[in-house]
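See below for the structure under consideration.
Rule-based calculations on the coordinates, nothing more; no lab input. If you're wondering where the values come from, they're calculated on a predicted model, not measured in any experiment. Every residue, glycine as well, gets a Cβ built from its backbone with ideal geometry; the counts of neighbours run over all protein chains shown.
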Amino acid sequence: MKKTLSAAEAVSQLGISLPTLYAYVSRGMLHSISEEGVRSKRYLHEEVARLAARNSDSRRAGRTAEHAIDWGVPVLESRIALIADGKLLYRGHDAVTLAQTASLEQVAQLLWEHDGEDLFAASPDVPAGLWRSFQVPLAKLPPLDRAMSLLPAIAPHLQHTWGRTEAAMLRSGATLMQALAAALTGGDIGSSPLHRQIAQTWKLDEQAADMARVAMVLCADHELNASTFTVRCVASTGASLYAAVTAGLAALSGPRHGGESLRVRALLDAALEQDDLPRFLSERLQHAGLPAGYGHLLPGFGHPLYPQGDPRGKLLLQMLPRVAAQGKAQALLAVADAGQQVTGQYPNLDFGLAALELACGWPQSAGQVLFALGRSAGWIAHAMEQVADGRLIRPRARYVGSFNTPE
């Protein structure tokens, strides 16, 4: 049974008066319900909480955050993921808990709100020779660049590529993720569990394969980040799901997003050669920014949405001793501890991915590959949500240039 609130509880949570509560009901912003044996009306807790969040965002938008687009107020409403109180929830389920046992496919179908047949059971009907002919000229490209070229090339040869009904997008989403896994790893398109396809291509043992599964589940969605917003913008124009996900890959490739794990890997490679970690990291911190003004944080530490530490990075580091030799695990954890002392920030997801890449002997940039494949589940969920919304995303700009006009 869904949780309900009394009128007094609802006005307290909303910070309004009783007349305002009744006005909300009359305008359709809230719904009052009757419960057996209770004389007064009740209000759904979920509706009240959602309205309270909207009101809070509106108040913030009018004051300190009105100019902020980075880490500012929300610009779209979504029911997919929630980041609050140091936790990441997928449709109300704790992502860290899901990562213990769930496959990426199961999490994808949770994010897509599909509880029917297994969408990933069938392998896409793509001739192996055709797929390999597409791959050959792109073999030397980095994984994300290769995937950005292969997805548009293979899309016309796949079923359910262009449909925008819910059923078509569900089928297309599963096929797309299977094709993306093969494009990122350089393997063939198949229907076996995605983490096992990766394990086969990278020749991973059972423990390392399971860590790949955990990592991808933790990457599956993260609310309205840069790549997800890009996907939603493209989906809102009526473009295909393949076009939207390709745009997401482009956004993810930047060093301020999915490319961060590559910077962390470079930092770890250098740090593991040092005798004085605090001194080395302090010196790197002073020159951590990219030429384009990326900032001055040490790669892999801190996250604005998790002041008390990124739970995704925490879980990956906790699991590190399961797959790494004792000496390697201790060395990587020592870098994490030293970096935390130097920056005052906790290791984040990017640090965890890069540490696992080293610990498991995964190929260079494997952490970024797992990030991209895992995040594609969330991209597809957001694309579906945007298509269902039906509106074009078209923000207005606040002009702040010259108002002087020629005489």
Original post:
Can you give the direction-averaged projected area of the convex hull of the alpha-carbon atoms in region 1-47, in nm²?
Top reply: 3.2
**OP:** Any chance you could get the radius of gyration and Dmax over the Cα atoms of region 260-360, in Å?
**Re:** 12.6, 39
Original post:
Which whole-Hz ³J(HN,Hα) couplings does region 122-134 yield from phi under the Karplus relation 6.51 cos²θ - 1.76 cosθ + 1.60, θ = phi - 60°, glycine and proline marked x?
Top reply: 9, 8, x, 7, 10, x, 4, x, 5, 4, 5, 5, 5
Subject >> Selection from THR185, GLN100, ALA215 lying farthest towards where the dipole of region 84-251 points positive, charges on Cβ >> reply: THR185
Subject >> Cβ crowding within 10 Å averaged over residues, with 32-38, 111-117 ranked highest first >> reply: 111-117, 32-38
Original post:
Angle, helix 241-252 long axis vs. longest principal axis of the chain, Cα atoms, 0 to 90°, nearest 10?
Top reply: 70
Original post:
If Lys and Arg each add +1 and Asp and Glu each add -1, what is the summed charge of the other residues whose beta carbon sits under 15 Å from the beta carbon of PRO19?
Top reply: +2
Original post:
Hey, which of these cross-link pairs are over 25 Å Cα-Cα: LYS2/LYS87; LYS87/LYS328; LYS3/LYS314; LYS140/LYS314; LYS2/LYS314; LYS41/LYS87?
Top reply: LYS87/LYS328; LYS3/LYS314; LYS140/LYS314; LYS2/LYS314; LYS41/LYS87
Original post:
How about region 202-282: which GluC sites (Glu not before Pro) there lie in a loop by DSSP and see at most 13 other Cβ atoms within 10 Å?
Top reply: GLU273
Subject >> Rounded to whole Hz, the Karplus (6.51, -1.76, 1.60) HN-Hα couplings of region 201-217, x for glycine and proline >> reply: 5, 8, 6, 8, 7, 4, 5, 5, 4, 5, 5, 4, 4, 4, 4, 5, 4
**OP:** Show the residues, 5+ positions off or on another chain, whose built amide H is closer than 5 Å to the amide H of PHE301.
**Re:** ASN348
Subject >> Calculated SAXS-style log₁₀ I(q)/I(0) at q = 0.09, 0.20 Å⁻¹ - region 84-251, Debye, Cα scatterers >> reply: -0.30, -1.60
Subject >> Alpha carbon convex hull of region 333-372, projected area averaged over orientations, nm² >> reply: 2.9
Subject >> Inter-part distance where region 233-276 and region 79-94 are each reduced to a Cα centre, Å >> reply: 22
Original post:
Suppose every K and R has +1 on its Cβ and every D and E has -1 on its Cβ; what is the size of the dipole of the chain about the Cα centre, in Debye to the nearest 20?
Top reply: 800
**OP:** May I ask you to evaluate 6.51 cos²θ - 1.76 cosθ + 1.60, the Karplus curve with θ = phi - 60°, for each residue of region 184-200 and list the ³J(HN,Hα) values in order in whole Hz, giving x for glycine and proline?
**Re:** 6, 9, x, x, 8, 6, x, 10, 6, x, 4, 5, 7, 4, 5, 4, 5
Subject >> About the Cα centre, charge dipole magnitude for region 84-251 (Lys/Arg +1, Asp/Glu -1 at Cβ), debye >> reply: 580
Original post:
For the Cα atoms of the chain, what angle does the longest principal axis make with the long axis of helix 226-236, in degrees from 0 to 90, nearest 10?
Top reply: 60
**OP:** Please work out the Cα convex hull volume for the chain and give it in Å³ per residue.
**Re:** 203
Original post:
What net charge is computed for the residues neighbouring GLN200, neighbours being all others with C-beta under 13 Å from the C-beta of GLN200, Lys and Arg scored +1, Asp and Glu -1?
Top reply: -1
Original post:
Tell me, what are the semi-axes, in whole angstrom and largest first, of the equivalent ellipsoid of region 213-278 as set by the roots of 5 times the Cα gyration tensor eigenvalues?
Top reply: 33, 12, 9
Subject >> Net charge, ALA183 excluded, C-beta distance under 15 Å - Lys, Arg +1, Asp, Glu -1 >> reply: +2
